[in-house]
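Read through the structure below, which is laid out as structure tokens, and then see the notes.
What follows draws every value from the coordinates through simple rules; no lab data is involved. Please read all numbers here as calculations on a predicted model, not as lab measurements. Here Cβ is always computed from backbone atoms with ideal geometry, including for glycine, and neighbour counts include all displayed protein chains.
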Amino acid sequence: MVVALLTDFGTKDHYVGVVKGKILCGLDPSQYPVFVDITHEIPPQDVLKGALTLFFAYKYFPKGTIFLCVVDPGVGTERKAIILQTEEHTFVGPDNGLFSFIIKNEPIKACFEIDKEKVLEPPYSSTFHARDLFAPAVARLIKGEDLRSFAKELSKDELVVLSLPEVVETEDGLLVPVIDVDRFGNLITALHQSACLRRFKVLVNDKEVPCVPSYGYAKKDELIALFGSEGFLEIAVREGSAYERLGIPKVKIVWIG
């Protein structure tokens with residue numbers, strides 16, 4: 001069993017280790033999972049960044065993986081604690097939009113709200129649900145307990161889903177919003193290569209930039225466009241930061257012919 005973790009906890013403090021330890025405390029040693037850290041460097045409280053990072057990562061994990069995802073500015077409030085099941089994976093975390101792109105892109109087999117009264121054990125903290133609520137729920141999933149023994153079923157329509165800026169069609173092409181900035185300063189847009197079935201050129205702040213297969217085809221410090229590893233159009237600078245150079249620019253696709 002694989003448990004993949006994604007949080008905004010960082011790695012300087014004890015939080016991540018404690019969550020893993022709490023999961024193990026609920027299990028027999030023969031049931032211990034393999035822990036994989038997707039990242040713990042989501043900017044604090046940045047639910048959208050967490051949702052995008054999860055979306056880019058989850059498909060590379062084996063069937064049966066449990067994803068424990070916690071970017072939770074509403075911890076301790078009435079926001080729901082949820083479990084989502086798809087055909088291949090299970091997702092555990094707060095109902096605050098963190099699973100938006102899973103909900104939008106995967107058939108959801110079942111949704112549940114964790115019953116806090118059946119999972120929380122005193123003493124517990126209203127500020128550390130990752131340890132006191134989500135980790136015990138994950139342990140119970142690993143043990144194969146019936147979800148209905150500690151959670152109640154929800155409708156998918158009840159879940160919080162974030163909205164992203166969308167690609168907009170124009171007379172001669174597409175206006176393409178930037179939705180993310182990675183650690184290299186690459187600007188990741190909402191345009192997937194599957195939408196580009198015609199020849200096109202890329203304009204950044206109304207100036208054409210070359211579209212290349214990979215970074216190595218550009219000169220050092222050259223501004224370029226390319227489709228990144230997840231298939232989304234990116235604006236980048238070879239061995240530099242497009243974000244530092246441009247901020248969030250206007251990006252446009254113009255059809256040719």
Here is a list of conditions, (1) crowded, with 16+ Cβ neighbours inside 10 Å; (2) over 18 Å from Leu162 (Cα atoms); (3) of a type outside the set (Val, Ile, Thr), and Gly76 meets all of them except one; can you say which number that is?
(1)
Is it fair to say Ile248 is touching a residue at least 40 places away in the same chain (Cβ under 8 Å), exposed (fewer than 15 other Cβ atoms within 10 Å of the Cβ), farther than 23 Å from Ala51 by Cα and among the β-branched types (Val, Ile, Thr)?
no
Across region 110-151, what is the number of residues that are over 17 Å from Lys80 (Cα atoms) and touching a strand residue (DSSP E or B) at 6+ places or on another chain (Cβ under 8 Å)?
2
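Taking into account only those residues within region 1-59 that are among the polar types (S, T, N, Q) and more than 11 Å from the chain's Cα centre (by Cα), which is farthest from Glu230 (Cα to Cα)? Reasoning before the result, please.
Going through region 1-59, the residues among the polar types (S, T, N, Q) turn out to be 7, 11, 30-31, 39, 45, 53.
Subsequent filtering for residues that are more than 11 Å from the chain's Cα centre (by Cα) retains 11, 30-31, 45.
Numbers: Thr11: 26, Ser30: 36, Gln31: 33, Gln45: 24 Å.
Looking at the filtered set, the residue picked out is Ser30.
Run down Val181, Val202 and say which single residue is surrounded by 15 or more Cβ atoms within 10 Å (Cβ to Cβ) and more than 25 Å from the chain's Cα centre (by Cα).
Details: Val181 fails: more than 25 Å from the chain's Cα centre (by Cα).
Within the list Val181, Val202, the selection yields Val202.
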Strands (runs of 3 or more DSSP E) wholly inside region 112-227 that include at least 1 residues being over 30 Å from Ser241 (Cβ atoms)
151-154
Output for region 203-215, where each listed residue is within 18 Å of Ser229 (Cα to Cα) and either free of Cβ contacts under 8 Å to residues at least 12 places away in the same chain or of a type in the set (Ser, Thr, Tyr) (or both)
Ser214, Tyr215
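Residues checked against (1) of a type outside the set (Asp, Glu); (2) more than 15 Å from Phe56 (Cβ to Cβ):
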residue: Asp180; (1), (2): no, no
residue: Ile188; (1), (2): yes, no
residue: Ser194; (1), (2): yes, yes
residue: Arg199; (1), (2): yes, yes
residue: Tyr217; (1), (2): yes, yes
residue: Lys220; (1), (2): yes, yes
residue: Gly231; (1), (2): yes, no
residue: Arg238; (1), (2): yes, yes
residue: Arg245; (1), (2): yes, yes
Scanning region 228-245 for residues that are assigned to a loop (DSSP other than H, G, I, E, B) and in contact with a strand residue (DSSP E or B) (Cβ under 7 Å, 6 or more places away or on another chain), which turns out surrounded by the fewest Cβ atoms within 10 Å (Cβ to Cβ)?
Gly231
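Scan region 73-108 residue by residue and report those that are of a type in the set (D, E, K, R) and more than 13 Å from the chain's Cα centre (by Cα). Lay out the reasoning, then the answer.
Start the filter on region 73-108 by keeping residues that are of a type in the set (D, E, K, R), which leaves 78-80, 87-88, 95, 104, 106.
Residues satisfying the conditions are Glu78, Arg79, Lys80, Glu87, Glu88, Asp95, Glu106.
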